[in-house]
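Enquirer: First, the structure itself, so that you have it in front of you.
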Amino acid sequence: MQTVTTIAELRRHLDAARAVGRTVGLVPTMGYLHAGHESLMVRASAECDDVVATIFVNPLQFGPGEDFAAYPRDLTGDVEVCRQAGVDVVFAPSVAQMYDPGFCSHVDVGAASLGMEGALRPGHFRGVATVVARLFAMSRAHRAYFGEKDAQQLAVVRRMTKDLGFPLLIVACPIVRESDGLAMSSRNVYLGAADRAASTVLVRALRSACHAFRRGERDRDRLLERARTVLASEPRAQVDYVELRSENDLAELPPGPVAGGRLLLAAKFVDGPRPVRLLDNMSLAGDGES
Ligand code: AMP
């Protein structure tokens, strides 16, 4: 496995791989890797000849006052996770390498970027779409791997890939959870002990609504109410949103009966070393959960 920090080195490696007909898989991350990221890399290495994992905390997707500077970083540990997961090249560029001083082109994705995270973090998906488009263009990967953990990001990336005509396949990977159900996230490290214990309320809220759906409840607002009631039982969770959207493009669903969909929620926990926002989501069909 090689670690490269420049676009030129990345291109050299991947051009050589493509020239002999090898398929390239891309796994974009912001590092501080955990088993969720690892699952994307393991899947990519099973499906592609060469896997490039990128580790880049992308300043464009953080708003003023967000945690860009405090985002956890551990390149040495990350390189080891990548090695174990079968990655061929780690691309860990500096900010200056990714964005030269004259950089001024951005990708704005429309409807998929509105609402939920897009409403709470103005400019966030513009930053995500821009860096992902750059990584697609510089890697010219055949497949790119994203987690369902960031379901709206996945919808934005799918839409952008289609709209801009990137010739690659987006592969969605299931959420990896801790044994108590909390979705793994690099930011979980900043949860204080009491908030960490309380944080399982997110998955409990999702499971409660999914359980109701499986027992026959079909009304959109009653399903949402199920999730909200569970969230309200945990005063440490400051809820940002709970939504039920259509499964693939996360379009809004009208009130009334639903045939299926994906529940998405976000909440803040503010009593630890730093405030932490957690996201989670689940298909009403249960994401394979029983
Ligand atoms: P991040 O480093 O948080 O930007 O995440 C990089 C990629 O890993 C994204 O596609 C995430 O959706 C994915 N990811 C993060 N956490 C998980 C998880 N718990 N399970 C599956 N995928 C994840």
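Enquirer: Mind telling me which of the residues Gly260, Gly256, Gly286 ends up being open to solvent by less than 50 Å² (accessible area, probe 1.4 Å) and farther than 22 Å from Asp150 by Cα?
Expert: Details: Gly260 fails: farther than 22 Å from Asp150 by Cα; Gly286 fails: farther than 22 Å from Asp150 by Cα.
On inspection, the qualifying residue turns out to be Gly256.
Enquirer: If I filter the stretch 197-220 for residues that are within 16 Å of the ligand (Cβ to nearest atom), touching a Pro at 6+ places or on another chain (Cβ under 6 Å) and of a type in the set (A, V, I, L, M, F, W, C), do I get at least one hit?
Expert: no
Enquirer: Which pairs do you get when a residue that is near the ligand (Cβ under 7 Å from one of its atoms), found in the stretch 174-189, comes within reach of a residue that is open to solvent by less than 70 Å² (accessible area, probe 1.4 Å) and of a type in the set (D, E, K, R), reach meaning Cβ atoms under 6 angstrom, with the pair 6+ apart or on two chains?
Expert: Pro174/Glu148; Ile175/Glu148; Ile175/Lys149; Ala183/Lys149; Ala183/Arg177; Ala183/Asp280
Enquirer: All but one of (1) closer than 18 Å to Ser246 by Cβ; (2) over 23 Å from the mean Cα position of the chain (by Cα) hold for Ala209; state the number of the condition that does not hold.
Expert: Answer for Ala209: the failing condition is (2).
For every residue, the table says whether it meets (1) out of contact with any helix residue (DSSP H, G or I) (no Cβ under 7 Å at 6 or more places or on another chain); (2) within 14 Å of the ligand (Cβ to nearest atom); (3) in contact (Cβ under 8 Å) with a residue 24 or more places away in the chain.
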position	(1), (2), (3)
His106	no, no, yes
Phe146	no, yes, yes
Leu154	no, yes, no
Gly165	yes, no, no
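Enquirer: Where residues in the stretch 161-187 are modelled with pLDDT of 95 or more and assigned to a helix (DSSP H, G or I), which of them is most open to solvent (accessible area, probe 1.4 Å)?
Expert: Step one: list which residues in the stretch 161-187 are modelled with pLDDT of 95 or more, which gives 161-185.
From what is left, the residues that are assigned to a helix (DSSP H, G or I) are 161-164.
Numbers: Thr161: 11, Lys162: 147, Asp163: 93, Leu164: 98 Å².
For the stretch 161-187, the residue satisfying everything is Lys162.
Enquirer: Another question about this same structure. So the check is Cβ under 6 Å with 6+ separation or different chains; which pairs have a first residue in the stretch 26-53 that's more than 9 Å from the ligand (Cβ to nearest atom) and a second one that's in a strand (DSSP E or B) and open to solvent by 40 Å² or more (accessible area, probe 1.4 Å)?
Expert: Final answer for the pair search is Cys48/Arg143.
Enquirer: Can you find even one residue in the stretch 70-77 that is closer than 15 Å to Ala141 by Cα and either within 12 Å of the ligand (Cβ to nearest atom) or loosely packed, with under 15 Cβ neighbours inside 10 Å (or both)? Step through it out loud before you land on a result.
Expert: We begin by selecting, within the stretch 70-77, every residue closer than 15 Å to Ala141 by Cα; these are none.
No, there is no match, as no residue in the stretch 70-77 is closer than 15 Å to Ala141 by Cα and either within 12 Å of the ligand (Cβ to nearest atom) or loosely packed, with under 15 Cβ neighbours inside 10 Å (or both).
The values are calculated or read from the model by the stated rules, or taken from the named source; none is laboratory data. Please read these numbers as outputs of a predicted model, since none were measured by experiment. Cβ: placed from backbone, ideal geometry, glycine included. Neighbour counts: every protein chain shown. For accessibility, only protein heavy atoms count, side chains too; no ligands or nucleic acids. Shrake-Rupley method; radii C 1.70, N 1.55, O 1.52, S 1.80 Å.
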